[in-house]
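To start, the structure under review is shown below, and the notes come after it.
The values are calculated or read from the model by the stated rules, or taken from the named source; none is laboratory data. Owing to the predicted nature of the structure, the values given are computational and were not obtained by experimental measurement. So basically every Cβ, Gly included, is an ideal-geometry build from the backbone, and we count neighbours across all protein chains shown. In case anyone asks, the SASA skips ligands and DNA or RNA and just uses the protein heavy atoms, side chains included. Shrake-Rupley method; radii C 1.70, N 1.55, O 1.52, S 1.80 Å.
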Amino acid sequence: MVTTLAAMLVLAQGGATQPAAKIQAPPATTQQNDFQKRIDAVKEAEGKPLPDFKMLRLDDTIMTNKDLLGKVTVIDFWATWCGPCKAAAPKLDAMHKELASQGLMIIGANLAERGADRQPTRTKDNAVGYVSEHKYGYTFTYGNDDLGKAWKVPGYPTFFIVDRKGTVREVMVGFNEAGMKKTVANLLAEK
C-alpha cells in the first residue's frame, strides 16, 4: 500500500506559497502488512458481545462477564515490561478515580510475563509487585495469555472498550488518551 502525503512548501520568493510535490511513502513491508492484518482481526470484535471469559483477580477471585454488566468497561491487555503500557497506567488510574462513581470499570489484564529465568510465567508476582509499587486503584487480573490469544490481541497495550450491555464498542491498539476519554464519556452518557 502506498500512502500519498500532501505537503505545503512555503517559498520565500515574493511571499507566495505553492503546493509542494506529492511525497510518496515507501511501500509497506510484509511485517507492517501482517501487523495491520492482526489489527483488523482484533477489530472484528467491535459491535459484537464481549466473548465469555474468566479472569483471575490479584486476590485469586474469579471475574466473569457478569461482573461487567451495567458498567462501561475498559479492558487493558498489558505487561509489566511494556513501556507504552506503563505510560498508560497512571492515566487509566486517573480515569478510574474520576469516573468509577459514574459506572466506569477498568481492568488491567496482565499477560506475556517472564520470570527471573526469562521463561514465560503466569504467576501474579510481576503484576502484584507493579500494582503495589504504583498504588493503582483499579482492578487487575493476571495470567491472561490464553484470553489474549483467543481475543486476537496483536500487541500491548490493547484495549477493549465495552458498553453497559456487554457489547464491544471499540478496540484500541495502543493508547490514545483523548480518543479513549471521548469514547468512555459517550458510553457513560448512554443509559
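The set of residues in the stretch 155-191 being open to solvent by less than 30 Å² (accessible area, probe 1.4 Å), more than 12 Å from the chain's Cα centre (by Cα) and without any contact (Cβ under 8 Å) to a residue 60 or more places away in the chain consists of Thr183 alone.
Looking only at the stretch 33-64, which residues are within 18 Å of the chain's Cα centre (by Cα) and not in a loop (DSSP other than H, G, I, E, B)?
In the first step, residues of the stretch 33-64 are kept if they are within 18 Å of the chain's Cα centre (by Cα); the result is 35-51, 53, 55.
Those that are within 18 Å of the chain's Cα centre (by Cα) and not in a loop (DSSP other than H, G, I, E, B): Phe35, Gln36, Lys37, Arg38, Ile39, Asp40, Ala41, Val42, Lys43, Pro49, Met55.
When Ala88 is tested against (1) among the small types (Gly, Ala, Ser); (2) surrounded by 13 or more Cβ atoms within 10 Å (Cβ to Cβ); (3) at pLDDT below 95, exactly one condition is not met: (3).
Scanning the stretch 143-154 for residues that are surrounded by fewer than 17 Cβ atoms within 10 Å (Cβ to Cβ) and small (Gly, Ala, Ser) gives a single hit, Ala150.
Of all residues in the stretch 119-142, which are touching a residue at least 24 places away in the same chain (Cβ under 8 Å) and basic (Lys, Arg)? Spell out how you get there, then give the answer.
First pass over the stretch 119-142, keeping only residues touching a residue at least 24 places away in the same chain (Cβ under 8 Å): 120, 124, 126-131, 134, 136-142.
Selection gives Lys124 alone.
I'd like to know if the stretch 91-99 contains one or more residues that are touching a residue at least 60 places away in the same chain (Cβ under 8 Å), assigned to a helix (DSSP H, G or I), touching a Pro at 6+ places or on another chain (Cβ under 6 Å) and of a type in the set (A, V, I, L, M).
Initially, the stretch 91-99 is screened for residues touching a residue at least 60 places away in the same chain (Cβ under 8 Å), giving 91, 95, 99.
Applying the additional criterion that residues be assigned to a helix (DSSP H, G or I) yields 91, 95, 99.
After this cut, where a residue has to be touching a Pro at 6+ places or on another chain (Cβ under 6 Å) as well, the list is none.
No, every residue in the stretch 91-99 fails to be touching a residue at least 60 places away in the same chain (Cβ under 8 Å), assigned to a helix (DSSP H, G or I), touching a Pro at 6+ places or on another chain (Cβ under 6 Å) and of a type in the set (A, V, I, L, M).
Applying the condition of being in contact with a Lys or Arg (Cβ under 9 Å, 6 or more places away or on another chain) and aromatic (Phe, Trp, Tyr) to the stretch 57-85 and asking which residue is least open to solvent (accessible area, probe 1.4 Å) yields Trp78. Of all the residues in the stretch 108-142, those that are open to solvent by less than 70 Å² (accessible area, probe 1.4 Å), part of a loop (DSSP other than H, G, I, E, B) and either touching an Asp or Glu at 6+ places or on another chain (Cβ under 7 Å) or modelled with pLDDT of 95 or more (or both) number 5.
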